[in-house]
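Asker: Please find one structure pasted underneath; my questions will follow.
The values are calculated or read from the model by the stated rules, or taken from the named source; none is laboratory data. All values derive from a computational prediction rather than experimental measurement. With ideal geometry, Cβ positions are generated from the backbone for all residues, glycine too; neighbour counts draw on all protein chains shown.
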Amino acid sequence: MMPTYDVKCPEGCGYFNDVFSLLADLDKMVCPECHAPVVRLISPVRTIGPTFSKPFQVDQIGKSFESKSDWDKYQQDNPDVQILSANSQSWRKHVDTVKNRIEKKAKRQGFRDNEDRKRHLKSNQSSSK
């Protein structure tokens, strides 16, 4: 997909258009009305998604950062720290590992599974009241 550029004629003939072109080809473009070389306009860009705001709070590690460079330095100094989305494979693997550990612990304690352990604990709490 080629990028879209806004171009206009600097000679004042009023030509203005959005063109699909390679950046290298813009230098060769001329106004179709007066044949003067066109100039590329720099337009404001709309951002989509989250942007870095100050302070940048990372709840997973309990820290905030005043700038992106502070965050980058923290990541460089702590390469073992990862911020994972809830849908990432690494996070799913971590959740599955923790669930397996909980199930094994419940079975070692004599329960069928962790749900059985939870029911037992809940019934003990309600009977002690």
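Asker: Lys105 - would you say it is at pLDDT 80 or above and surrounded by 14 or more Cβ atoms within 10 Å (Cβ to Cβ)?
Answerer: Spelling it out, it is not the case that Lys105 is at pLDDT 80 or above and surrounded by 14 or more Cβ atoms within 10 Å (Cβ to Cβ).
Asker: Okay, moving on. Please identify the pairs in which a residue from region 110-126 that is within 19 Å of Lys99 (Cβ to Cβ) has its Cβ atom under 6 Å from the Cβ atom of a residue that is modelled with pLDDT of 90 or more and of a type in the set (S, T, N, Q), counting only partners at least 6 apart or on another chain.
Answerer: none
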